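Comments concern the structure below.
The values are calculated or read from the model by the stated rules, or taken from the named source; none is laboratory data. Keep in mind it's a predicted model, so treat the numbers as computed, not measured. Here Cβ is always computed from backbone atoms with ideal geometry, including for glycine, and neighbour counts include all displayed protein chains. We work out accessible area using only protein heavy atoms, side chains counted, and drop any ligands, DNA or RNA first. Shrake-Rupley method; radii C 1.70, N 1.55, O 1.52, S 1.80 Å.
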Amino acid sequence: MVVNLDSGITKVELDNYGNHKALSDVITCHITESLCSRITFAEYMDLALYQPQHGYYVTAPSKIGATGDFFTSPHLGSDFGELLAQQFIQMWHLLGQPDRFTLVEMGAGQGLLAGDVLRDLAQHQPEWANHLDYVIVERAPALIAEQQQRLQPWRDRGWSIRWTTLEAMPPDSVTGCFFSNELVDALPVHQVIVQDGQLQEIYVTLPEGDAETAFVEQVGPLSTPQLAIYFQDIQIDLTSARYPDGYRTEVNLAALDWLQQVASRLQQGYVLTIDYGYASDRYYNPMRSTGTLQCYYRHRYHDNPYIHIGQQDITAHVDFTSLQKYGEHCHLHTVGFTKQGLFLMSLGLGDRISAISQSQASDPQMLQTILRRRDALQTLIDPMGMGNFGVLMQSKGVDPNETLIGLRGEQMVIGL
Ligand SMILES: C[S@@+](CC[C@H](N)C(=O)[O-])C[C@H]1O[C@@H](n2cnc3c(N)ncnc32)[C@H](O)[C@@H]1O
């Protein structure tokens, strides 16, 4: 995710603290009605982003892209989707060219990536109009409406595109690929903290007297044993002497539930996850003592999730080791892990950069277009930004010796 410098501002009714008033009221109600008058940070983040009427992702207009708070790889042009399409075509061949090939895009944002993938397939693989079942799993109703509008021309041309939920998909029903770009970082995370040698959890509650924010934090015992099990599984002990008192970090249990659902619906094929994050040893490095939580609001990013509630995005980096390990537990084979820059270069982005460097501009406007596209391609592989995103490939029922094109470059081993 990249902060968008041309962001627009959407007017909403604000409470005394400057938060989306209706959303703030709903969160207050959840807190007062809950046991001990507090909710976990994961519940808070879930409400702030996805509360069905007022959550950040739920309210139109869309927050992603030119008029939003940040942009993602598909906003840099169609190259990202076109290169992904090359990977999907190879997967189809590796799966024995099945008559029905299902691509499940999860967390499809504005539907840009879907449009780019479909355009490329229509051009290079027109017979896929008869084979492809493009399925979108999206949580935000406003984004579903936007996706449906954007993709209607493809449906009119006879391509199968449909929207569903993971829950509604029958077990073992998919031969093809489940994929996502920046979905996992948008799932609600638990926050934990080390206090007096004990692993504790951060809760969200109401302030007692005057306060600068509508909600404040409270520390308490872990809300679920799953949190302790999570750290056992990745062999990280936050209560060891390596970690300072007050060490704070995130745990994405929702990502494990999501992966379990995906794995159980995949009969044969791949799971491709692109997001920013690290392997566990880096994620839970003792030096990273304040976690990875980030909020995106208009032109800036910061680490305070208790301001601009409902008007800012809240994200946390992804622990790829836990996805790998939990995936194996769910019978997903780890095909490989690489960085977005290497992945896209293996799929042909280098050739695109060479071609654009050699193109001649006949007028200033064309020169502008060429320079803009060259910048966009460089941004996709920038090692200090999107190029450093992780790309995890997992599979089920596929010959593990077949190399995927996107992994032909240098591969990294996830630290276990
Ligand atoms: C950061 S945006 C990324 C959008 C898009 N993939 C892109 O690259 O522009 C996260 C997306 O995931 C969606 N989302 C979050 N949780 C989800 C869930 N549990 N199931 C499906 N979609 C979800 C959000 O509504 C949003 O569309």
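Out of the residues in the range 126-163 that are part of a helix (DSSP H, G or I) and among the hydrophobic types (A, V, I, L, M, F, W, C), which is surrounded by the most Cβ atoms within 10 Å (Cβ to Cβ)?
From the range 126-163, those part of a helix (DSSP H, G or I) are 126-130, 141-156; that's our starting set.
Within this subset, residues satisfying the condition of being among the hydrophobic types (A, V, I, L, M, F, W, C) are 128-129, 142-145, 151, 154.
Working: Trp128: 19, Ala129: 15, Ala142: 16, Leu143: 22, Ile144: 16, Ala145: 14, Leu151: 20, Trp154: 20.
Checking each candidate, the answer is Leu143.
Take the residues of the range 105-120 that are part of a helix (DSSP H, G or I) and open to solvent by 10 Å² or more (accessible area, probe 1.4 Å): which is nearest to the ligand (Cβ to nearest atom)? If you could, list the steps in order and put the result at the bottom.
We begin by selecting, within the range 105-120, every residue part of a helix (DSSP H, G or I); these are 112-120.
With open to solvent by 10 Å² or more (accessible area, probe 1.4 Å) added as a condition, the list becomes 112, 116, 119.
Numbers: Leu112: 6, Asp116: 11, Arg119: 16 Å.
Per the criteria, the residue is Leu112.
Within the range 193-221, the set of residues being open to solvent by 50 Å² or more (accessible area, probe 1.4 Å) and either in contact with a helix residue (DSSP H, G or I) (Cβ under 9 Å, 6 or more places away or on another chain) or under 15 Å from Ile39 (Cβ atoms) (or both) comprises Leu206, Glu217, Gln218, Val219, Pro221. From the list Gln311, Gln324, Gln358, Gln378, the lone residue that is more than 18 Å from the chain's Cα centre (by Cα) and within 23 Å of Ala186 (Cα to Cα) is Gln311. Look at the range 335-352: where a residue is hydroxyl-bearing (Ser, Thr, Tyr) and a partner is in a loop (DSSP other than H, G, I, E, B), sitting 6+ places away or on another chain with Cβ atoms under 7 Å, you get Thr338/Gly409; Thr338/Gln411; Ser346/Arg408; Ser346/Gly409. Looking at the range 393-408, is at least one residue under 28 Å from Phe70 (Cβ atoms), of a type outside the set (D, E, K, R) and open to solvent by 30 Å² or more (accessible area, probe 1.4 Å)? No, the conditions are met nowhere in the range 393-408.
Scanning the range 78-101 for residues that are in contact (Cβ under 8 Å) with a residue 60 or more places away in the chain, open to solvent by less than 40 Å² (accessible area, probe 1.4 Å) and either at positive phi or aliphatic (A, V, I, L, M) (or both) yields Leu83, Leu84, Met91, Leu95.
Residue pairs whose Cβ atoms lie under 7 Å apart, sitting 6 or more positions apart in sequence or on different chains, and linking a residue in the range 186-215 that is within 16 Å of the ligand (Cβ to nearest atom) to a partner that is assigned to a loop (DSSP other than H, G, I, E, B), are Ala186/Gly107; Leu187/Asn252; Val189/Asn252; Val189/Ala316. Can His75 be described as open to solvent by 30 Å² or more (accessible area, probe 1.4 Å), modelled with pLDDT of 90 or more and within 14 Å of the ligand (Cβ to nearest atom)? Yes: the conditions hold for His75.
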